[in-house]
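Trainee: Take this structure, written in structure tokens, and hold onto it; I'll ask about it next.
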Amino acid sequence: MSNSNIVTFSIIIPTYNESENILRLISEIEKNLPTSDFTEIVIVDDDSPDGTGKLVENYINQQNNKNQKEVGAKTANCKVKIVHRTGKTGLIPAIMDGVKQSSGRTVIVMDADFSHPPEVIPKMMLESKMNPNSIIIGSRYVEGGKVVGWPKKRKLLSSGASFLARVGLNVRRVKDPMSGLFALPRELIENISIDTKGYKILLEILVKNKEIPTKEIPFTFIDRRSGKSKMDNGVILNYAKAIWQLYRHGQKSGHVTIDEKVNKGSVLFLSKVGRYYTVGISGLIINYLVSFLLANDVANSIRLLSNVWYLEASIIGAAISLTSNFFFNKYWTFEDRRFDLGSTAKQYASFIGMSAIGLIIQIAILYFMVENFVPYRISLIVAITVATTINFILIKKFTFKEKVWA
Ligand code: GDD
Ligand code: MN
């Protein structure tokens, strides 16, 4: 094999305890490779206790011997490399090491456990050749893609996390930003400074390169058949941290390109949601305090501030908290500091109307779920969350006349 070949593709495959998969995967990839380009397969192993690294090492030596014996054998269009790392420091650092130790113009990242079927690799290569400056993503969530073998809980977790990322971090243009299968130009991944720990390197690249075109190729993600997943609570925690860091990144970057402006919009959206919920909680407290202090306490007949029938007291409490919610939201959440009587009164009426709609939605969802045998406590959480979020959007759009995403 000559080393003068210019490497077109580097396929980076991080491994930790993948001895049952890795050699079979390498041979499947090789079988499917197009002959026109030179590809290197870079296995990045974190000193796997099951000997994955050694296995690959032996395989490479065997191949080298074979090539030396067969003089005049047709030039291989593929070479396997192994990068040994000394400690298990996570997926992202492993990938970055693989990138450093490779030279292909295009970098492809994939899992070792056959979750990413080797047959999609040629498709990704073709696509990447047609769009050399794009990020090509193997996608589970575009038409034609799917997930096989995940339990309901993991599916829910994944789509929830994707939704959070897409909306919260403004990568809505990509359906599967959490995919572990993607191809991109080397400069892109080399020059990015990775701040987060954990699994989702593509997400970070997408958040920090909003202007790079993307293209999603559908594929069927098959849960691993051999070996164990490294996904655990630590990984989930790191994901939560990563989202937070990337979110802060969005808040801090003060550039004024159009993309950044859009980005800022969704960041504002999130922080306004946060304020809205905070105001909501303050409303609960005010509601409780007013209802409590106004009522003549029936049980203990302690007279606190006044002597109102408890049901009346509670209605007054609700009304006052609704009003305080309105003013806090106007002043703080939506930063609307105009207080002339006419428009304020109109906003106030609209606010109450929207709150009533929210209440109706909440009751409707609750009724529907409970009637369909979802436990009451779960139905309540879903109903309240959905209703208050819809409420927020309605108030944002119709009461304070803001764009939903600004
Ligand atoms: N070198 C190294 N070091 N490799 C690792 C490490 C590590 O610390 N942790 C995991 N890997 C390797 C695994 O050997 C496998 O090849 C790949 O990274 C993915 O790990 P899995 O344990 O199979 O992850 P998963 O299937 O739960 O999660 C995946 O699902 C995502 C899709 O939602 C990850 O594979 C993502 O890449 C993928 O996007
Ligand atoms: Mn896996």
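The values are calculated or read from the model by the stated rules, or taken from the named source; none is laboratory data. Keep in mind the model is a prediction, meaning the values are calculated, not measured. Counting neighbours? That spans all protein chains shown, and the Cβs are built from the backbone with ideal geometry, glycine included. Note: accessible area is taken over every heavy atom of the protein model, side chains too, but ligands, DNA and RNA are not part of it. Shrake-Rupley method; radii C 1.70, N 1.55, O 1.52, S 1.80 Å.
Trainee: Length gain on complete extension for the stretch ARG224 to ILE352, per 0.36 nm per residue less the alpha carbon to alpha carbon distance?
Mentor: Length difference between fully extended and current span is 40.9 nm.
Trainee: Sticking with the crude label model, points 7 Å out along Cα→Cβ, report the distance from TYR331 to ALA345 in nm, one decimal please.
Mentor: Going from the TYR331 label point to the ALA345 one covers 2.1 nm.
Trainee: Same structure again: For the chain, list the DSSP H helices whose alpha carbon atoms reach 24 Å or more along the long axis and whose average Kyte-Doolittle value is 0.0 or above?
Mentor: 258-294, 310-328, 341-371, 376-394
Trainee: Another question, then. Residues of the range 6-42 with backbone nitrogen within less than 11 Å of a virtual label 7 Å along the Cα-to-Cβ line of ASN77, please, listed as ranges.
Mentor: From the range 6-42, the list is 31-39.
Trainee: Quick query: amide H of THR15 versus all other amide H atoms, modeled in the peptide plane; which residues come in under 5 Å with a sequence gap of 5 or more or a different chain?
Mentor: Residues meeting the amide H criterion: VAL44, ASP45, ASP46.
Trainee: With all protein chains present, calculate the accessible area of MET369 using a 1.4 Å probe and round the result to the nearest 10 Å².
Mentor: For MET369, the solvent-accessible surface is approximately 30 Å².
Trainee: Which far-off residues, 5 or more places away or on another chain, put their amide H under 5 Å from the one on LEU181, with H placed in the peptide plane?
Mentor: GLY138
Trainee: Let me ask something else about it. Per DSSP helix of 4 or more residues, -39500 (n - 2.57); summed, then divided by the residues of the chain. What does that give at 222 nm, rounded to the nearest 500?
Mentor: -17000 deg cm²/dmol
Trainee: Starting from the Cα gyration tensor of the range 300-406, take the square roots of the eigenvalues, sort them a ≥ b ≥ c, and report rounded, prolate or oblate (rounded when a/c is under 1.5, otherwise prolate if a/b is larger than b/c, else oblate).
Mentor: Oblate shape, in that a/c is at least 1.5 and b/c is the bigger or equal ratio.
Trainee: To continue, here is another question. Using a 10 Å cut-off on Cβ atoms, rank the peptides 63-70, 10-17, 88-95 from the highest mean neighbour count down.
Mentor: Ranked from most to least packed, the peptides come out as 10-17, 88-95, 63-70.
Trainee: Magnitude of the Cβ-charge dipole of the chain, K/R +1 and D/E -1, about the Cα centre, nearest 20 debye?
Mentor: So the magnitude is around 600 debye.
Trainee: Using a 1.4 Å probe, what is the accessible area per residue for the chain, in Å²?
Mentor: 54 Å²
Trainee: Mind checking which of TYR277, TYR199, TYR310 has the largest fluctuation in a GNM of the chain, springs on alpha carbons under 10 Å?
Mentor: TYR310
Trainee: Ranking request for peptides 337-349, 373-385: highest mean number of other beta-carbon atoms within 10 Å first, then the rest in descending order.
Mentor: Sorting 337-349, 373-385 by mean packing, highest first, produces 373-385, 337-349.
Trainee: Mind telling me which of LEU270, LEU156, LEU164 comes out most flexible in a GNM of the chain, alpha-carbon contacts under 10 Å?
Mentor: Looking only at LEU270, LEU156, LEU164, the biggest GNM fluctuation is shown by LEU156.
Trainee: While we're on this one: List the aspartates and glutamates whose alpha-carbon lies under 17 Å from that of LYS129, not counting same-chain residues fewer than 8 positions away?
Mentor: ASP37, GLU40, GLU119, GLU187, GLU216
Trainee: Could you give the spread of the C-alpha atoms of the chain along their three principal axes, from largest to smallest, in whole angstroms?
Mentor: 102, 46, 37
Trainee: In whole angstrom, note down how far apart the Cα centers of the range 56-70 and the range 307-369 are.
Mentor: 74 Å
Trainee: With the full set of protein chains in place, find how many percent of the accessible area of the chain is carbon and sulfur; take the probe as 1.4 Å.
Mentor: Ligands and nucleic acids excluded, carbon and sulfur give 61 percent.
Trainee: Put +1 on the Cβ of every Lys and Arg and -1 on every Asp and Glu Cβ in the range 338-406; which of ILE390, LEU366, GLN347 then has its Cα farthest towards the positive end of the dipole?
Mentor: The residue sitting farthest along the positive end of the dipole is GLN347.
Trainee: Just ILE135, ILE22, ILE212 to compare: in a GNM of the chain, with alpha carbon springs under 10 Å, which one fluctuates most?
Mentor: Among ILE135, ILE22, ILE212, the largest GNM mean-square fluctuation belongs to ILE212.
Trainee: Going by amide H atoms built from the backbone, whose H comes under 5 Å of the H on PHE38, apart from near neighbours?
Mentor: THR8, PHE9
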